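Before I ask anything, here is the structure I am working with.
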Amino acid sequence: MPSGSQLPPPPSWSLLGCGALGGVFATLLTQSGQPTQLLLRERHRATLHPVVDFTGLDGQHTLIAIPRAFVADRPAIRRLLVMTKADQVIPALLPLLGKLDKQVPIVLLHNGMGVAERVVELFPDNPVIAGVTSHGALQQGHFVFRHTGRGETWLGPVNEAGRQFAPLADRLAQALGQASWDEQILTRQWHKLAINCAINPLTALYRIKNGELTGPRFADTLQQICIEVADVMNAEGITTTAEELARRVQSVAGLTADNYSSMHQDLEQGKETEIEAITGFLLARAQAHGIMVPVNQGLYQAIKDRSQDQG
Ligand code: NAP
Ligand code: PAF
């Protein structure tokens, strides 16, 4: 590099996984004045990349240009936000092995658990940060995104190097309205997992909206799910009760009454579900502690069977 040559500064954020949630976050980050680039899969190289068509919470429609890049072209990366589905995180990150500077923080924002530990194994020197968000997002077409619900976002460290990155939450807050840092992000991930274990498989199997879970039809099943999840959480050192989990599940099912859960949508659209990272993770931790979780085991198997029938 000739001395004195000036490279443009890298974008503030590089976003890997530009689906529903990624498209909304990329738009909000760009609108907040934080330059963001989309890291797309190689197969998108030949496709037209028009400006992003974004509909905000207020129904306001905006066209916004967000630059795209491909990992093979070695784009400069300052902070990496991974917003794929849980089972896509590792395949999405693999092309970056050996190409990502050690100081680049990797922020993971998928649902489910068990993936972050594998990211730390693959990138042992990078700061790894996990996030939990309850924003709602839909993808309505090719680079057409709708923000459907304002939620809370929490970030926290997965490894030691991640501990220095609390200011990232402030940067996200500039775009999202709120985002906070929590050193105990694992506890928040477990509580989100509990909600997903309860709402996602049932709504997908019975082909119902979230709100139908608040009626008496599912009361016993939900209680059993919560008892089993609470047992595993307590064994993991996350103090909770089945009653607390049930209250949280009822609250989320009520607040999202008119929504179809992500697992319902995935199954209906013939896509892979996140059952492995949600109930599958619970079953693995239950087995490690010698805890029986028959209701969750049954739901896991039923989702796997349904996915196979459709495949
Ligand atoms: P999605 O619409 O399926 O988006 C996933 C995106 O990842 C797709 O656009 C896909 O791109 C991309 N991708 C997959 N593999 C990739 C790879 N190897 N390299 C680069 N990009 C890759 O999913 P989503 O609804 O945004 O959800 C993402 C995560 O956030 C999930 O864990 C979900 O549970 C969680 N979440 C979602 C919401 C929501 O409202 N949507 C809310 C809270 C949490 P292609 O176009 O190439 O397939
Ligand atoms: O996966 C989902 O659909 C969401 O996390 C939730 C909270 C269950 C609402 O639909």
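The values are calculated or read from the model by the stated rules, or taken from the named source; none is laboratory data. Nothing here was measured: the structure is a model prediction, and the numbers come from that model. Cβ coordinates were reconstructed from backbone atoms using ideal geometry, including for glycine residues, and neighbour counts include every protein chain displayed. Note: accessible area is taken over every heavy atom of the protein model, side chains too, but ligands, DNA and RNA are not part of it. Shrake-Rupley method; radii C 1.70, N 1.55, O 1.52, S 1.80 Å.
Go over the candidates D231, D220 one by one and state the one that is closer than 20 Å to G280 by Cβ, away from ligand 2 (no atom under 14 Å from the Cβ) and open to solvent by 10 Å² or more (accessible area, probe 1.4 Å). So that I can check it myself, show each step before the final result.
Values: D220 fails: closer than 20 Å to G280 by Cβ.
Exactly one of D231, D220 is closer than 20 Å to G280 by Cβ, away from ligand 2 (no atom under 14 Å from the Cβ) and open to solvent by 10 Å² or more (accessible area, probe 1.4 Å), namely D231.
Related question: Checking the structure you have, find out if any residue of the range 248-263 is of a type in the set (A, V, I, L, M) and without any contact (Cβ under 8 Å) to a residue 24 or more places away in the chain. Before you say what the answer is, go through the steps one by one.
Here is the first cut: in the range 248-263, the ones of a type in the set (A, V, I, L, M) are 249, 252-253, 255, 257, 263.
Keeping just the survivors that are without any contact (Cβ under 8 Å) to a residue 24 or more places away in the chain gives 255.
Checking the range 248-263: at least one residue is of a type in the set (A, V, I, L, M) and without any contact (Cβ under 8 Å) to a residue 24 or more places away in the chain.
Looking for something of a type outside the set (D, E, K, R), within 16 Å of ligand 1 (Cβ to nearest atom) and either at pLDDT below 95 or over 23 Å from the mean Cα position of the chain (by Cα) (or both) - is there at least one such residue anywhere in the range 228-238? Let's see the steps before the verdict.
First, the residues of the range 228-238 that are of a type outside the set (D, E, K, R): 229-230, 232-235, 237-238.
Subsequent filtering for residues that are within 16 Å of ligand 1 (Cβ to nearest atom) retains none.
The answer is no, given that none of the residues of the range 228-238 is of a type outside the set (D, E, K, R), within 16 Å of ligand 1 (Cβ to nearest atom) and either at pLDDT below 95 or over 23 Å from the mean Cα position of the chain (by Cα) (or both).
Still on this structure, I have one more. Name the single residue that is nearest to R45 (Cα to Cα) among those in the range 139-159 being crowded, with 18+ Cβ neighbours inside 10 Å and within 16 Å of ligand 2 (Cβ to nearest atom).
Taking the range 139-159 and keeping what is crowded, with 18+ Cβ neighbours inside 10 Å, we get 143, 145-147, 153-159.
Now drop any that are not within 16 Å of ligand 2 (Cβ to nearest atom), which leaves 146-147, 153-154.
Details: R146: 24, H147: 26, T153: 31, W154: 33 Å.
The selected residue is R146.
While we're here: If Q88 satisfies all but one of (1) over 23 Å from R43 (Cα atoms); (2) surrounded by 16 or more Cβ atoms within 10 Å (Cβ to Cβ), what's the number of the condition it fails?
(1)
I'm checking my understanding of the structure. Among residues of the range 255-311 that are over 18 Å from T148 (Cβ atoms), in a loop (DSSP other than H, G, I, E, B) and among the β-branched types (V, I, T), which one is most open to solvent (accessible area, probe 1.4 Å)?
So the residue we want is I291.
Look at Q174 and say whether it is among the polar types (S, T, N, Q), away from ligand 2 (no atom under 16 Å from the Cβ), under 20 Å from L21 (Cα atoms) and not assigned by TED's automatic domain parsing to the domain that holds T241. Explain how you work it out, then say what you get.
Numbers: among the polar types (S, T, N, Q): yes; away from ligand 2 (no atom under 16 Å from the Cβ): yes; under 20 Å from L21 (Cα atoms): yes; not assigned by TED's automatic domain parsing to the domain that holds T241: yes.
Considered against the rule, which asks whether it is among the polar types (S, T, N, Q), away from ligand 2 (no atom under 16 Å from the Cβ), under 20 Å from L21 (Cα atoms) and not assigned by TED's automatic domain parsing to the domain that holds T241, Q174 comes out as yes.
Out of T62, T47, I need the residue that is β-branched (V, I, T), assigned to a loop (DSSP other than H, G, I, E, B) and either within 11 Å of ligand 1 (Cβ to nearest atom) or open to solvent by 20 Å² or more (accessible area, probe 1.4 Å) (or both). Which one?
On the way: T62 fails: assigned to a loop (DSSP other than H, G, I, E, B).
From the options T62, T47, the qualifying one is T47.
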